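Down below is the structure, laid out as structure tokens.
Laboratory data are not the source of any read-out in this text; all were calculated from the coordinates shown. This structure is a prediction, so every number in the text was calculated from the model and none was measured. Please note: Cβ atoms are built from the backbone with ideal geometry, for glycine as well, and neighbour counts cover all protein chains shown.
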Amino acid sequence: MNLRDSIRTIPDYPKAGIMFRDITTLLADAKAFRRSVDELVQPFAGLKLDKVAGIEARGFILGGAVAHQLSAGFIPLRKKGKLPHKTRAVEYALEYGTDIIEMHLDAVHPGEKVVLVDDLIATGGTALAAIDLLTQAGAEIVAAAFVIDLPELGGADRLRAAGVKVSTLVSFEGH
Ligand code: AMP
């Protein structure tokens, strides 16, 4: 079983020139889903982590499973306006315009060890915004883990340059 083969590619979605890497096919395949979670968890086996933070929405599915396997808590990092209690927000640049992600102020406590999880890293803008939110709250970022890397977009290198350990399971060329 090859994880890469379980990921579907949709050309020109959501716009021309983007090769959308669709993990719904991976999630629907019991063996591929389990293998992905096992491989995401593997670098942290035996470590005592406090929390896993997942980025809305696909990061919730993978991050929730990773948190369960690590016996850690889970922190949802959400799009603006979705969290009901007091939040901290970070704005970050997209290719066109900006976006905002939010976290509850009491989601993480100073000194807690946190792993960030998302489905895919491209430019790294989203993950860096997430790391900014977590570190502002005093979290210690142990690592960031993704199923898919698009290395040509440089996100994993940007995170590493910022001092964050990065693990990825499958790489695809291009955007
Ligand atoms: P970035 O902030 O550029 O690293 O983009 C990462 C976020 O955008 C992740 O939450 C991904 O789910 C999504 N994303 C970016 N590019 C793609 C792509 N080619 N296929 C699927 N999702 C993508």
Quiz item: If we count other beta carbons within 10 Å of each Cβ, what is the order of H175, H104, fewest first?
Solution: H175, H104
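Rounded to the nearest 5, what % of the DSSP beta bridges within the chain are antiparallel ones? Intermediate values should be presented prior to the final figure.
Numbers: 13 of 35 bridges.
Beta bridges within the chain, antiparallel portion: roughly 35 percent.
Run the dipole for region 43-171 about the Cα centre, Lys and Arg Cβ at +1, Asp and Glu Cβ at -1, nothing else charged, and hand back the magnitude in debye, nearest 20. Show your work: numbers first, answer last.
Numbers: 13 positive and 15 negative charges, 68 e Å.
So the dipole magnitude of region 43-171 works out to roughly 320 debye.
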Quiz item: Tell me, how many Å apart are the Cα centres for region 26-40 and for region 1-22?
Solution: 17
Quiz prompt | Distance from region 75-102 to region 109-174 (C-alpha centre basis), Å | solution = 16
Self-check item: Average Cα contact separation per residue, region 1-41, under 8 Å, 6 or more apart, as relative contact order %
Solution: 37
Exercise. Treat the count of other C-beta atoms within 10 Å as a stand-in for reagent exposure and order T87, T126 from fewest to most.
Key: T87, T126
Quiz item: Could you put V115, V108 in order, starting from the residue whose Cβ has the fewest other Cβ atoms within 10 Å?
Solution: V108, V115
Quiz item: With θ set to phi - 60° and the Karplus curve 6.51 cos²θ - 1.76 cosθ + 1.60, what are the ³J(HN,Hα) couplings of region 103-119 in order, to the nearest whole Hz, using x for Gly and Pro?
Solution: 9, 4, 4, 9, 6, 9, 10, x, x, 5, 8, 10, 10, 8, 10, 8, 6
Self-check item: Pairwise label distance in nanometres, A28 with K48, each label 7 Å out on the Cα-Cβ vector
Solution: 4.3
Quiz item: What percentages, rounded to whole numbers, describe P(r) for the chain computed over all alpha carbon pairs with 10 Å bin width beginning at zero?
Solution: 10, 39, 37, 13, 0
Exercise. Apply 1/(1 + (r/R0)^6) to the Cβ-Cβ distance of R4 and Q136, taking R0 = 45 Å, and write down the FRET efficiency to the nearest 0.05.
Key: 0.80
Quiz prompt | FRET E, pair E173, H85, Förster distance 30 Å, beta-carbon r, rounded to 0.05 | solution = 0.10
Quiz item: Which of S71, L169, H104 sits closest to the plus end of the dipole of the chain, meaning its Cα is farthest towards the positive end, when Lys and Arg get +1 and Asp and Glu get -1 on the C-beta?
Solution: S71
Self-check item: Residue-wise HN-Hα coupling along region 42-50, computed from phi with Karplus coefficients 6.51, -1.76, 1.60 (Hz; x: Gly, Pro)
Solution: 3, x, 10, 4, x, 8, 9, 9, 8
Self-check item: Karplus-derived 3J(HN,Hα), 6.51/-1.76/1.60, for each residue of region 141-151, Hz, glycine and proline x
Solution: 7, 6, 5, 10, 10, 9, 6, 10, 10, 10, x
